[in-house]
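Read through the structure below, which is laid out as structure tokens, and then see the notes.
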Amino acid sequence: MTSIPLTVKEIFKDYKARRIALIHALTRDADEVYDLCDTEIEEALCLYGLSDKTWQVTLPEEKVPTDFPEPTLGINFGKVGIDRKNWFYLVAIHSDSWLLAVAFLNGCCLNRNQRKRLFNLINGLPTVAEVVAEWKPDDEDNSTVDSSSNSREITEVSDNCLAGFAFQSPKFADKDEDELKATPPLSNLSIIQTEDEDEHNETLCEGSGANYDSDESEGL
């Protein structure tokens, strides 16, 4: 495993390099990536953006658990039944999530202010998904393009895909229907989690009997 960057500057430099690699993979080198993600391959493939600004479509690490966050598995399986443009957009969305996971793993020892600074630096750049949505084959430099109304069309088209989309191997597609029904909907989980958090965050003031937020109490 390579050495983990320790400063905000080093982490952001690593983030930018990986981001550029993924942007190149999903725009300039899109045809090559699309061909490499062969649906006939039984293994689940991943798209990696490397710190030297290169990319790889390859198998995930065999070591479990991995030393590093793993990109979304099975992007090659996700090509089935989806428009090419939307497939690239969805891969870009998952790539953004992976980039953040890598950055904040590298920043595990940062303090609160340093994490905030790192996030602001990252947030100052367009996401990979925004760049992919804007990209046209004749564009020369898309790494700093801002999102605009042009990206709305692909985002709206992709909304329905995102609702039920998952990169997975065909061998899991025939999972027992009863087993799937037993899985609680994400919406229910979100409601339960929100209610629990509300109960946790509210604290009863013994003096007045009023409720106040526990986060606010820290500043008293």
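Every number here is computed from the coordinates shown, using simple stated rules; none is lab data. All values reported here derive from a predicted model rather than from experimental measurement. Note that we place each Cβ from the backbone using ideal geometry, even for glycine, and neighbour counts take in every protein chain shown.
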Given labels modelled 7 Å from the Cα in the Cβ direction, how far is it in nm from Gln56 to Asp29? 1.2 nm
If every Lys and Arg gets +1 and every Asp and Glu gets -1 at its Cβ, then about the Cα centre segment 3-104 yields a dipole, in debye to the nearest 20, of 640 debye
Principal axis dimensions, segment 20-118 - Cα atoms, whole angstrom, descending: 45, 29, 24
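Do any of Lys9/Lys136; Lys13/Lys63; Lys79/Lys136; Lys16/Lys79; Lys9/Lys116; Lys13/Lys136 go past 24 Å between their Cα atoms, and which?
Listed pairs above 24 Å: Lys9/Lys136; Lys13/Lys63; Lys16/Lys79; Lys13/Lys136.
What's the ranking of 120-128, 105-113 by average number of surrounding C-beta atoms within 10 Å, highest first? Walk me through the intermediate numbers first.
Details: 120-128: 16.6, 105-113: 13.2.
The peptides rank, most packed first, as 120-128, 105-113.
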Pair Cys108, Leu121: separation of 7 Å Cα→Cβ label points (nm): 2.0 nm
